[in-house]
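A short worksheet on the structure shown next.
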There are 2 protein chains.
Amino acid sequence: MEKLEQPVEQPSLEECEETCGGTEADLKAIRSQMLDESSISEMAEWFRALGDPTRVKLIGALLQQELCVHDLSVLLDMGQSAVSHQLRYLRNVRMVKRRKVGKTVYYSLDDAHISEIFHVTYEHLKHK
Amino acid sequence: MEKLEQPVEQPSLEECEETCGGTEADLKAIRSQMLDESSISEMAEWFRALGDPTRVKLIGALLQQELCVHDLSVLLDMGQSAVSHQLRYLRNVRMVKRRKVGKTVYYSLDDAHISEIFHVTYEHLKHK
DNA sequence: ATATCATATGAACATATATTCATATGTTAT
DNA sequence: ATAACATATGAATATATGTTCATATGATAT
């Protein structure tokens, strides 16, 4: 209850006291090593695609073999529409691709790295 | 406009026509290889934690060195509160830990695998 | 052409999430 | 004790996200 008239910015960035390790020069060095905005976005987008149980299940199933939408919806015990929407999501981020045979559409993984990332993460969670 | 009186379940799962590769037996085999629900949740939670630009930046910075909240908020050019909230998030999923020195709190990575996953993903996105 | 099947998709809805604001907590200095 | 500072946190808000419902699209069969 002490600030009522000031617009409250980042409270005075003048300089970090000695307690806080980073001098402006140090921070500059760190900043220069940081990823650029577009890499950041792409990384986040990539991880976000894996950050949902339904999509993890889809990837997990497709890791085993190519599957059609119907079978996926049976395997996940979910409505066809929900599965289809998530497959589109995964297709938009290039994680899966599709192959059409008549009325049926088969989905499969479209990326060699997914398996690696997936397994590293799985092992990590197991040995935690 | 053909179904008006039925409650519209998964439209008749009786069996997949021959077009759809999976017979019930095949699906059973695949299902037995799928991850259990709790592993699924943990994987999704883990990835979701990395699925946000702010958190990617935080991890990226901490990948370089331990940093205090203030420095992180300068580096990311974000309010202290937002950074603090996200650090709590990352702490809850055990991705970062903190060390207190006087008024200052230093954050650092709390997981050996993050670096690996992070780099695999970064390389993947670069060579796409 | 009509019916049926497999998949896709727009809209609506409910929930989750990220940031901001105001303020609380805990530490150090005076 | 009071002030200044670093960080944490609850509430509010705006936006993003996931699922469902209804229906569209495209393919095959009759």
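Quick notes on this one:
- The 3J(HN,Hα) values that the Karplus relation (6.51, -1.76, 1.60; θ = phi - 60°) gives for region B:48-58 are, in residue order, 4, 4, 8, x, 8, x, 4, 5, 4, 5, 4 Hz. Gly and Pro appear as x.
- Whole-Hz ³J(HN,Hα) from phi, Karplus 6.51 cos²θ - 1.76 cosθ + 1.60, for region A:98-106, glycine and proline x: 10, 9, 9, 9, x, 7, 8, 10, 9
- Inter-copy label distances at B:Val105 (7 Å, Cα→Cβ; nm, one decimal): 4.6
- Summed over both chains, the accessible area lost when B and A associate is about 5400 Å², using a 1.4 Å probe.
- Karplus-derived HN-Hα couplings along region B:107-123 (A = 6.51, B = -1.76, C = 1.60, θ = phi - 60°), whole Hz, x at Gly and Pro: 9, 8, 5, 10, 7, 6, 7, 3, 4, 4, 4, 4, 6, 4, 5, 4, 4
- Solvent exposure of region B:68-128, expressed per residue, is 54 Å² of accessible area, with all protein chains present and a 1.4 angstrom probe.
- Residues with amide H under 5 Å from that of A:Tyr106, placed H, sequence gap 5 or more: A:Arg99, A:Lys100, A:Val101
- Per-peptide average of other Cβ atoms within 10 Å, ordering A:46-58, B:59-71, B:85-97 highest first: A:46-58, B:59-71, B:85-97
- Heavy-atom accessible area, 1.4 Å probe, ligands and nucleic acids excluded: residues of region A:51-99 down by at least 30 Å² from chain alone: A:Gly51, A:Pro53, A:Val56, A:Lys57, A:Gln64, A:His70, A:Asp71, A:Val74, A:Leu75
- In this structure, B:His127 and A:Leu125 have a Cβ-Cβ separation that, at R0 = 30 Å, corresponds to a calculated FRET efficiency of about 0.70.
- Copies compared at B:Leu63 - label distances in nm, ascending, label defined 7 Å from Cα in the Cβ direction: 2.1
- For region B:24-128, the square roots a ≥ b ≥ c of the C-alpha gyration tensor eigenvalues yield an a/c of 1.5 or more together with a/b exceeding b/c, which makes the shape prolate.
- Relative to the other identical copies, A:Glu123 shows label-point distances of 1.4 nm, where the label point lies 7 Å from Cα along the Cβ direction and values run shortest first.
The values are calculated or read from the model by the stated rules, or taken from the named source; none is laboratory data. These numbers were taken from a predicted model, which means no experiment stands behind them. With ideal geometry, Cβ positions are generated from the backbone for all residues, glycine too; neighbour counts draw on all protein chains shown. Surface accessibility is based on the protein's heavy atoms, side chains included, excluding ligands, DNA and RNA. Shrake-Rupley method; radii C 1.70, N 1.55, O 1.52, S 1.80 Å.
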